[in-house]
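As structure tokens, the structure follows; a few thoughts come after it.
Every number in this text was worked out from the coordinates using simple rules, so none of it is lab data. Every value quoted in this text rests on a predicted model; they were computed, and no experiment measured them. In this analysis, Cβ positions are derived from the backbone assuming ideal geometry, glycine residues included, and neighbour counts consider all displayed protein chains.
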Amino acid sequence: MRASGWTRFLPFWAACGMLAATAPAFGAGASLEWLLRSGDAGPLLAWEEPQTDMQPLLFACDADRRVVSISLVHEPEGAQDPMTVDTSWSSEGGHMQLAMQGHRIELDDRFVLTTETPLTPELGRLLAEGRVLRIAIGGHEEIIPLEGSAHGVATLREQCAPR
């Protein structure tokens, strides 16, 4: 049976080890960058530290279904497995709200927020037209530079956006 939604990427996350939770906040003392690679279902665009298991943000395209699964390593205060977390995403290209499901990955005791969504024009602009991505979760904000993401975002838009 084929896994669906975010669960199809659990082996990927488990293999990565998700060390992001042991590191400082995104970008603090780390050499994170945007990397594009091929996955079984389509392109993967990750904000990660090369040559390590640190990968705090992943956009995984399912080209057949024309949706993107988003995974963010973040443990909100009072995290419960499972839980729904409202997140706010913004950049100079726009703003959107995403409800994400929080799950603890037992293999390495990391808490991951996931959602699956069409790659809407709003999400595409948010990623393509901004210089900085801000992800607000409760009273916490992750700030991720978008420099270096343009090629990966264009690939996601090409292969994953609704037709």
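Structure values in brief
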| quantity | calculated |
| --- | --- |
| Where only alpha carbons of region 90-145 are counted, the Rg and the Dmax (Å) | 13.0, 37 |
| Calculated diffusion of region 31-163, Stokes-Einstein form, Kirkwood radius summed over Cα pairs, 25 °C and 0.890 mPa s, µm²/s | 164 µm²/s |
| Karplus-derived HN-Hα couplings along region 131-141 (A = 6.51, B = -1.76, C = 1.60, θ = phi - 60°), whole Hz, x at Gly and Pro | 9, 9, 9, 10, 10, 9, 9, x, x, 10, 10 |
| Region 28-160, dipole about Cα centre (Lys/Arg Cβ +1, Asp/Glu Cβ -1), debye to the nearest 20 | 440 debye |
| Alpha-carbon centroid distance for the pair region 64-100 / region 130-163, whole angstrom | 12 Å |
| Relative contact order, percent, region 33-163 [alpha-carbon distance under 8 Å, six or more residues apart] | 25 percent |
| In order through region 146-153: 3J(HN,Hα) via Karplus (6.51 cos²θ - 1.76 cosθ + 1.60), integer Hz, x for Gly, Pro | 8, 4, x, 8, 4, 5, x, 5 |
| Percentage relative contact order, region 118-157, counting C-alpha pairs under 8 Å, at least six apart | 39 percent |
| Amide H partners (placed H, <5 Å) of Val67, local residues excluded | Asp62 |
| Phi-based couplings in Hz for region 51-65 (Karplus 6.51, -1.76, 1.60; Gly and Pro marked x) | 6, 9, 8, 7, 9, x, 9, 9, 10, 10, 7, 9, 5, 5, 8 |
| Where labels lie 7 Å past Cα in the beta-carbon direction, separation of Asp64 and Ala150 in nm | 3.4 nm |
